[in-house]
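Taking it in order: structure first as structure tokens, then the write-up.
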Amino acid sequence: MAEDGFDAAAHLSKVQDEIAAAATAAGRVLDSVNLVAVSKVHGAGRIRPVLAAGQRLFGENRVQEAEAKWPELRAAYPDITLHLIGPLQTNKIKSAVATFDVIETVDREKLARGLAKEFQRVGKHLPVFVQINTGAEPQKAGVLPEDADAFIALCRDELKLDVRGLMCIPPIDEEPSLHFALLAKIAQRNGLDQLSMGMSADFDTAIAFGATHVRVGTAIFGPRPQPPAA
Ligand SMILES: *Cc1c(COP(=O)(O)O)cnc(C)c1O
């Protein structure tokens with residue numbers, strides 16, 4: 001347990017049990033669901049007990065934060081896999097490619113081209129997911145569902161990106177299953193078999209709809225500390 005008394009390892013264990021139950025209920029093998037532990041905002045002190053408990057796959061949403069936090073943890077646990085799950089600005093591509101193992105948030109042509117160029121330059125072709133804005137929310141990142149097929153084709157065929165699957169963040173006030181089903185449908189017609197969907201509140205539903213990656217933060221690490229008000 002961490003010095004602050006919060007037992008993240010116990011929370012992790014509970015989430016693992018719930019994932020197993022959801023996979024079984026959906027008639028899926030447990031191996032087909034990967035838990036991405038979302039450690040954004042939390043410090044290394046809260047992450048270490050989760051590493052000690054065996055978790056190796058993590059998600060962060062800010063490049064700068066991950067750059068500062070993870071090198072030390074990676075030195076202790078070289079088999080860590082780190083997913084970028086937040087928006088990526090083109091001026092941060094170099095840092096992102098140096099810091100992360102998988103980019104889940106490819107959502108526009110300029111970013112896709114910039115990543116392709118950087119992968120070429122460093123000779124490292126990270127797996128990527130295309131983020132789909134399933135709710136067509138104006139403020140949210142992601143390719144619109146009707147533009148998805150053309151964008152995936154651009155990424156794969158022209159830019160030779162290693163597109164593994166799709167990612168979505170459903171609107172907070174809507175039934176998530178409609179969005180999970182839509183994401184699965186777009187993936188299927190494009191021959192993609194990985195789906196990053198489902199968070200603390202709805203990962204069991206996401207697993208029923210075929211999620212291969214659930215991104216769970218709060219249920220493992222507890223509420224995120226709020227930054228001081230400006
Ligand atoms: C923060 C975040 C999560 C985790 O959300 P919780 O509700 O804390 O589980 C998942 N996905 C993305 C993209 C996030 O930014």
With springs only between Cα atoms under 10 Å apart, run a GNM on the chain and tell me which of GLY198, GLY210, GLY45 wobbles the most.
GLY45
Give the total of Lys-Lys pairs in the stretch 81-230 with Cα-Cα distances below 28 Å; include a pair only if its members are 8 or more places apart or on different chains.
20
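Using a probe of 1.4 angstrom, how much of the accessible area of the chain is carbon and sulfur, in percent? Write out the running numbers ahead of the final one.
Numbers: 5780 of 11000 Å².
In the chain, the share of accessible area belonging to carbon and sulfur is 53 percent.
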Sort the following peptides by mean Cβ neighbour count (other Cβ atoms within 10 Å, averaged over residues), highest first: 68-74, 125-131.
125-131, 68-74
Probe 1.4 Å, heavy atoms of protein chains only: per residue, the accessible area of the stretch 75-128 in Å² is 47 Å²
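Quick one: if the Förster radius is 41 Å, what FRET efficiency do ALA153 and GLU72 give, using the C-beta to C-beta distance and rounding to 0.05?
The computed FRET efficiency comes out at 0.55.
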With every protein chain left in place and a probe of 1.4 Å, what is the accessible surface of PHE209, to the nearest 10 Å²?
80 Å²
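What value in Å³ per residue do you get for the convex hull of the alpha-carbon atoms in the chain? Each step should come with its number before you reach the end.
Details: hull volume 30.8 nm³, N = 230.
About 134 Å³ per residue, rounded to a whole number.
For the chain, what is the relative contact order in percent, using Cα pairs closer than 8 Å and at least 6 residues apart in sequence?
Numbers: 404 pairs, mean separation 48.4, N = 230.
The value is 21 percent.
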Report P(r) for the stretch 115-230: all Cα-Cα distances, bin width 5 Å, range 0 to the bin holding the largest distance, values in whole percent.
2, 11, 20, 20, 17, 14, 9, 6, 1, 0
Report the residue, chosen from ASN190, ASN91, ASN133, that carries the largest GNM mean-square fluctuation when the chain is represented by alpha-carbon nodes joined by springs under 10 Å.
ASN91
Just check the stretch 1-104 against the gyration tensor rule for me: Cα atoms, a ≥ b ≥ c as the square roots of the eigenvalues, rounded for a/c under 1.5, and otherwise prolate or oblate depending on whether a/b exceeds b/c.
oblate
Label the stretch 81-126 by shape, choosing from rounded, prolate and oblate, from the square roots a ≥ b ≥ c of the eigenvalues of the Cα gyration tensor; if a/c is under 1.5 it is rounded, and otherwise prolate applies when a/b is larger than b/c, oblate when it is not.
oblate
Length-normalised contact order of the stretch 138-230, Cα under 8 Å, at least 6 apart, in percent, tallies to 21 percent
Could you tell me the distance between the Cα centroids of the stretch 169-230 and the stretch 46-89, to the nearest Å?
19 Å
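The values are calculated or read from the model by the stated rules, or taken from the named source; none is laboratory data. The shown structure was predicted, so the numbers you read here are calculated from the model rather than taken from an experiment. Methodologically, a virtual Cβ is constructed for each residue, glycine included, from the backbone with ideal geometry; neighbour enumeration extends over all protein chains shown. Ligands, DNA and RNA are excluded from the accessible area calculation, which covers all protein heavy atoms including side chains. Shrake-Rupley method; radii C 1.70, N 1.55, O 1.52, S 1.80 Å.
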